[in-house]
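Notes follow the structure.
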Amino acid sequence: MDNGQISRIFRDMAMMLEIKGENPFRIRAYERAAQNIEALTADLGDFIKNDTLSDIPGIGKDLADKIKEFANTGKIKAYGDLKKAVPEGLLDILSIPSVGPKTAKLLYEKLNIKNVAGLEKAINSGKLDNIEGIKQKTVENILKGIQVVKKGRERITLGQAQLAADEFLKVLGNIPGVKKLSTAGSLRRQKETVRDIDILAVSDKPNKIMDAFVKAALVKDVLAHGDTKSSVRTNDDVQIDCRVVPRKAFGAALLYFTGSKNFNIKLRQMAIKKGLKINEYGVFKKEKFLAGKTEEDIFRFLKMAYVEPELREDTGEVELALKFKLPQLLELKDIKGDLHTHSTWSDGNNSVEEMALVAKKRGYSYIAITDHSQSLKIAGGLSPADLKKKKREIDKLNEGLKPFRILYGTEVDIDSDGKIDYKDDILKEFDIVVAAVHTGFKQPGPQLTKRVVSACNSKYVHIISHPTGRLWGSREAYDIDLEEVCKAAADTNTALEINAFPMRLDLNDMHARRAKELGARLAIGSDSHEVSQLEVMKFGVAMARRGWLNKNDVINTFTAEALLKEIRK
Ligand code: DGT
Ligand code: CA
């Protein structure tokens, strides 16, 4: 059974229910189920066989029945009924920020607009200008939203790219004759988004690799199938190029195809000054091959330090490498704990204990469980009474988990006036307070900035979470003055988060680098809502590395004791 198919159906059902204006909790139930199924590592068919569907968080009897119905009949009747009631194309339109269910319905009924392309055309030809119920400002926002969605389709998130690439690396790694295998391009540089995935290999039998590559399970279309280079498109519409290169040039090819283009150009110019030529086949003096087998060989030959892929953007790294003065970048193994996670106390899928045990297994020495605060009802925000119970649960669990530690935390809402969603006497009880904007994204910049700065000024706020609010492919960053926020964070000893969740990566690389320059400290949080998501920490670390951060810039490299001391205001 295809888990992806079921999760897509549930997601579509959530959206159709939304267009129909159904109960938000019911909509949320479908969304959660879709999310949880996506996160599964086992096939849904196995759950049916073992009669364990109800073990999946968020799957009650009703949804379990629907999954079984699909397994037995290939259909879900309720889905079919909804599709009759709600035109399918409207779902696409609903993915545009600033188009709500009401507008989508209106556009369809009045103008017969069925998809995003149709909507863009209608706007550009002025058809939306005089429609009752749609303001001119909304039309402008929709057009901007269409661009965000289009951009989101052109480039996938680092998380999606890494997942697809890992799948292919696994397949290719098992082919006899493969000697070397690596990703290249923006994925190897761990850019926050990736246009296409590049894979390089060395093999005694290139044909075998090419055949296996184009036949991999994820492949939808084969775009090219050559002796040493092939291109495919995956089921998720991601393009992947795979090249087989000669062994003695693997390092040179890896360097070249990792890029970035600007880094390559800089390196080539530098080589020319030394009387050398560098390309994807090696380093040459006149026609004589000098180096190329490994990247390390090449950097050594050029008399410069090895430049980590994440730094290869020509933003000063070449100059420093020549002086052997590159920073010692943060590594995943330096991370001692996760500072932003959710449990079943709010909208997470796993209990505090389950989250803690997996964190411990990952080698962490602590995890902060930062559930939502009272105002965020849709995400199960905790009342003061709930907090007391949660605190007792954590204290008890901590007894048994020593020396591992669960930090009692919250992701507290910063309301539209900049007020924090709990009173100080509650806030001061927490080990970790992460504060975040979840509402009023469209406020004017100065107002948003003021809200976040005022949160920094709270004695009990330790971290500002996802400071720009950007959600790749669905929401642009809000209009906040990040310079001001960084300065306030630095002045008040408030850390700024690098939210590691692939759709967020917020702060991103450039922001993190700037935050450090302005004296702020960073905290990396996975924002996990389920144990398997703790894994995304690596993408946060990638942003930190791309932002030139070292171990001391990131507070969750400290021991729990040092951390709690350092964050105190
Ligand atoms: P992407 O795919 O847009 O996310 O970014 P990249 O960096 O993966 O770009 P891609 O796939 O077009 O090319 C992979 C690498 O190949 C790129 O990082 C550097 C190298 N490369 C591509 N075109 C050129 C070029 O015209 N000049 C030089 N020097 N290098 C290039
Ligand atoms: Ca690429």
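The values are calculated or read from the model by the stated rules, or taken from the named source; none is laboratory data. Here the structure is a predicted model, which is why all the values come from computation and not from measurement. Glycine also receives a Cβ, built like all others from the backbone with ideal geometry; neighbour counts cover every protein chain displayed.
Quick rundown of the values:
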{"item": "Qualifying positions in the stretch 387-423 - among the acidic types (Asp, Glu) and either free of Cβ contacts under 8 Å to residues at least 40 places away in the same chain or in a loop (DSSP other than H, G, I, E, B) (or both)", "result": "Asp395, Glu399, Asp415, Asp417, Asp421"}
{"item": "Residue count, the stretch 301-350 (criterion: under 29 Å from Leu376 (Cα atoms) and of a type in the set (A, V, I, L, M, F, W, C))", "result": "2"}
{"item": "The stretch 139-171, subset basic (Lys, Arg), under 23 Å from Arg470 (Cβ atoms) and more than 13 Å from ligand 2 (Cβ to nearest atom), residue surrounded by the fewest Cβ atoms within 10 Å (Cβ to Cβ)", "result": "Arg153"}
{"item": "Of residues in the stretch 40-57 being within 19 Å of Ser528 (Cβ to Cβ) and buried (at least 19 other Cβ atoms within 10 Å of the Cβ), the one modelled with the highest pLDDT", "result": "Ile56"}
{"item": "Filter result for Leu330 (touching a strand residue (DSSP E or B) at 6+ places or on another chain (Cβ under 9 Å) and closer than 23 Å to Leu200 by Cβ)", "result": "no"}
{"item": "Answer residue from the stretch 244-259, given it is out of contact with any helix residue (DSSP H, G or I) (no Cβ under 7 Å at 6 or more places or on another chain) and either more than 16 Å from ligand 2 (Cβ to nearest atom) or assigned by TED's automatic domain parsing to the domain that holds Val283 (or both) and is nearest to Arg195 (Cα to Cα) among those", "result": "Phe250"}
{"item": "Residue identified as modelled with pLDDT of 95 or more and surrounded by fewer than 22 Cβ atoms within 10 Å (Cβ to Cβ) among Arg504, Arg514, Arg546", "result": "Arg514"}
{"item": "Enumeration of residues in the stretch 172-216 that are surrounded by fewer than 16 Cβ atoms within 10 Å (Cβ to Cβ) and either within 13 Å of ligand 2 (Cβ to nearest atom) or within 15 Å of Ser230 (Cα to Cα) (or both)", "result": "Arg195, Lys205, Asn207, Asp211, Lys215"}
{"item": "Qualifying positions in the stretch 265-316 - within 16 Å of ligand 2 (Cβ to nearest atom) and either under 18 Å from Leu200 (Cβ atoms) or in contact with a His (Cβ under 9 Å, 6 or more places away or on another chain) (or both)", "result": "Glu280, Pro309, Glu310, Arg312"}
{"item": "Filter pass, Asp236 being closer than 18 Å to Asp166 by Cβ, surrounded by fewer than 15 Cβ atoms within 10 Å (Cβ to Cβ) and touching a residue at least 40 places away in the same chain (Cβ under 8 Å)", "result": "yes"}
{"item": "Number of the exception - Thr449 against (1) more than 20 Å from His340 (Cβ to Cβ); (2) surrounded by fewer than 18 Cβ atoms within 10 Å (Cβ to Cβ); (3) modelled with pLDDT of 95 or more", "result": "(2)"}
{"item": "Those helices (runs of 4 or more DSSP H) lying entirely in the stretch 32-147 with at least 2 residues touching a residue at least 40 places away in the same chain (Cβ under 8 Å)", "result": "44-49, 61-73, 77-85, 89-94, 101-111"}
{"item": "Long-range neighbours under 6 Å by Cβ, at least six apart or interchain, first residue on the phi < 0 side of the Ramachandran plot within the stretch 529-552, second among the acidic types (Asp, Glu)", "result": "Val531/Glu354; Met543/Asp509; Arg545/Glu310; Arg546/Glu310; Arg546/Asp509; Gly547/Asp509; Lys551/Asp334"}
{"item": "Unique match (being touching a residue at least 12 places away in the same chain (Cβ under 8 Å), within 12 Å of ligand 1 (Cβ to nearest atom), within 21 Å of Leu223 (Cα to Cα) and not assigned by TED's automatic domain parsing to the domain that holds Leu119) among Leu172, Leu187", "result": "Leu187"}
{"item": "Boolean, Asn262 is within 16 Å of ligand 2 (Cβ to nearest atom), surrounded by fewer than 17 Cβ atoms within 10 Å (Cβ to Cβ) and not basic (Lys, Arg)", "result": "yes"}
{"item": "Residue selected from the stretch 190-213 under the condition of a type in the set (A, V, I, L, M, F, W, C) and near ligand 1 (Cβ under 8 Å from one of its atoms), by the criterion farthest from Thr258 (Cα to Cα)", "result": "Val194"}
{"item": "Of all residues making up the stretch 148-183, the number that are closer than 25 Å to Ser532 by Cβ and assigned to a helix (DSSP H, G or I)", "result": "17"}
{"item": "Within the stretch 322-342, considering residues that are part of a loop (DSSP other than H, G, I, E, B) and in contact (Cβ under 8 Å) with a residue 40 or more places away in the chain, the one surrounded by the fewest Cβ atoms within 10 Å (Cβ to Cβ)", "result": "Gln328"}
{"item": "Among the candidates Glu310, Glu296, residue that is within 13 Å of ligand 1 (Cβ to nearest atom) and in a helix (DSSP H, G or I)", "result": "Glu310"}
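So that you can scan it fast, the table gives a plain yes or no per residue for (1) small (Gly, Ala, Ser); (2) within 29 Å of Glu313 (Cβ to Cβ):
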{"site": "Asp166", "(1), (2)": "no, yes"}
{"site": "Leu172", "(1), (2)": "no, yes"}
{"site": "Ala184", "(1), (2)": "yes, yes"}
{"site": "Ile197", "(1), (2)": "no, yes"}
{"site": "Val202", "(1), (2)": "no, yes"}
{"site": "Ile209", "(1), (2)": "no, no"}
